[in-house]
Amino acid sequence: MDFYHKLSEAAGADHILKDEPMSAHTTFRIGGPADYFVVPEDAASLGRGVALCRAEGVDYFITGNGSNLLVGDGGYRGVVFHICHTMDDVAYEEKGTELLVEAGAGVMLSSLARQVSSKGYTGFEYATGIPGTLGGGVTMNAGAYGGEISDNLLWAELMDETGAVLRLERDRLKLSYRHSVMMEQSLVVLRAGFYFTKGDAMAITEKVAELSRSRKEKQPLEYPSAGSTFKRPEGYFAGKLIQDCGLKGFRVGDAMVSEKHSGFVINVGHATAADVMTLIRHVQQEVDRQFCVRIEPEVRMIGEF
């Protein structure tokens, strides 16, 4: 039996596509073809697919909405497991003034945050505009406007490289700025639990609306991008450093430093991964040269560049 049929049998996938362009599955709208693109039915089928890849020596990558991802122009040699809009069940339990939430890794963070906020619970308003999935958000301890995932996370159910499933409480997840134990040990988030407290419904609604307005005014949402391109260096803001270097609007091919927010690299047409990488390196070099500050990409990069 060839690998394609083994993968189909193991993953029980809704569909498996060969040579699928990753530009169709990233918010950057950039990326060459993945050898195999798989939508697993559930966590068990994902585990079987991962186990097969390990047994066969095939590289694999698990992605959600592709909102923090740059895939090389040469594509990805291996299997991409796509869990956005699958593994997305959500359960709520109200206990007095507290709301307990258990959700699958494939649910969109923005959707979950809006549901929590609409129920009158506070602490998740900041996430209503984050375009990624819960799995990716927990993995990188995503955040915005002063809030981050670790603020309300209770536990995460994870899968290791052997396909074994374990549950870790928050204090064992090593959550810090855009970092977690999942990134250290190649652990995959399957589910997570959160708690939120009751708040003033009108104040919550107003805050969600205010953050939405702020994003539209300050972020280049009209262009494809991977969100904030660089991590915040300690004591600085990446966007301010880039702007002060005179790089607002700097362009390589169709990749450009946003004129609205210098912390974003945007795709203004048909940018390639090579364009983005060249631009990122130039920005890093200029910030280092002018301010002696090293800025690191926040965007994950996979595939052949």
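Assess whether ALA113 counts as being part of a strand (DSSP E or B), under 23 Å from HIS25 (Cα atoms) and of a type outside the set (D, E, K, R). Here the answer is no, as ALA113 does not meet what is asked. Selection of strands (runs of 3 or more DSSP E) fully inside the stretch 2-67 by the criterion of at least 1 residues being among the small types (Gly, Ala, Ser) returns 33-39.
Note on the stretch 71-109: residues that are touching a Cys at 6+ places or on another chain (Cβ under 8 Å) and open to solvent by 10 Å² or more (accessible area, probe 1.4 Å) amount to 1. Within the stretch 249-296, the set of residues being surrounded by fewer than 20 Cβ atoms within 10 Å (Cβ to Cβ), closer than 26 Å to ILE62 by Cβ and in contact with a helix residue (DSSP H, G or I) (Cβ under 7 Å, 6 or more places away or on another chain) is empty. In contact (Cβ under 8 Å) with a residue 40 or more places away in the chain, closer than 28 Å to GLY96 by Cα and assigned to a strand (DSSP E or B): which single residue out of LEU154, LEU168 fits that description? Of the residues listed, the single one that is in contact (Cβ under 8 Å) with a residue 40 or more places away in the chain, closer than 28 Å to GLY96 by Cα and assigned to a strand (DSSP E or B) is LEU154. Restricting to the stretch 7-36, what's the tally of residues that are in contact with an Asp or Glu (Cβ under 9 Å, 6 or more places away or on another chain), over 14 Å from GLY78 (Cα atoms) and open to solvent by 60 Å² or more (accessible area, probe 1.4 Å)? Within the stretch 7-36, residues that are in contact with an Asp or Glu (Cβ under 9 Å, 6 or more places away or on another chain), over 14 Å from GLY78 (Cα atoms) and open to solvent by 60 Å² or more (accessible area, probe 1.4 Å) number 1. Scanning the stretch 40-70 for residues that are of a type in the set (D, E, K, R) and either within 21 Å of the chain's Cα centre (by Cα) or open to solvent by less than 30 Å² (accessible area, probe 1.4 Å) (or both) returns GLU41, ASP42, ASP59.
Looking only at the stretch 110-125, which residues are among the β-branched types (Val, Ile, Thr) and open to solvent by less than 30 Å² (accessible area, probe 1.4 Å)? Even if it seems obvious, please write down each step before you answer.
Initially, the stretch 110-125 is screened for residues among the β-branched types (Val, Ile, Thr), giving 116, 122.
Correct list: VAL116 only.
The single condition among (1) of a type in the set (A, V, I, L, M, F, W, C); (2) over 30 Å from GLU161 (Cβ atoms); (3) at pLDDT below 95 that LEU187 does not satisfy is (2).
Taking into account only those residues within the stretch 93-105 that are in contact with a helix residue (DSSP H, G or I) (Cβ under 8 Å, 6 or more places away or on another chain) and not small (Gly, Ala, Ser), which is farthest from LEU69 (Cα to Cα)? Don't jump to the end; show me each part of the working.
Within the stretch 93-105, the first condition is being in contact with a helix residue (DSSP H, G or I) (Cβ under 8 Å, 6 or more places away or on another chain), and the residues that meet it are 99, 101, 103-105.
Add one more test, that the residue is not small (Gly, Ala, Ser), and what stays is 99, 101.
On the way: LEU99: 32, VAL101: 27 Å.
Of everything passing the filter in the stretch 93-105, LEU99 is farthest from LEU69 (Cα to Cα).
Residues considered: THR278, THR272. Of these, the only one that is over 21 Å from the mean Cα position of the chain (by Cα), at pLDDT 95 or above and within 15 Å of LEU70 (Cβ to Cβ) is THR278. Checking each residue in the stretch 186-208 for being open to solvent by 40 Å² or more (accessible area, probe 1.4 Å) and outside any strand (DSSP E or B) picks out SER186, ASP200, ALA201, MET202, ALA203, THR205, GLU206, LYS207. Within the stretch 126-163, being more than 15 Å from VAL188 (Cα to Cα), open to solvent by less than 40 Å² (accessible area, probe 1.4 Å) and out of contact with any helix residue (DSSP H, G or I) (no Cβ under 8 Å at 6 or more places or on another chain) holds for one residue alone: ASN152.
Remark: pairs (first residue in the stretch 227-240, free of Cβ contacts under 8 Å to residues at least 24 places away in the same chain and surrounded by 15 or more Cβ atoms within 10 Å (Cβ to Cβ); second residue among the charged types (D, E, K, R) and outside any strand (DSSP E or B); Cβ separation under 7 Å; 6+ apart in sequence or on different chains) are absent.
The values are calculated or read from the model by the stated rules, or taken from the named source; none is laboratory data. This one's a predicted model, so the numbers in the text were calculated from it and none came from an experiment. We place every Cβ from the backbone using ideal geometry, glycine too, and count neighbours over all the protein chains shown. Surface accessibility is based on the protein's heavy atoms, side chains included, excluding ligands, DNA and RNA. Shrake-Rupley method; radii C 1.70, N 1.55, O 1.52, S 1.80 Å.
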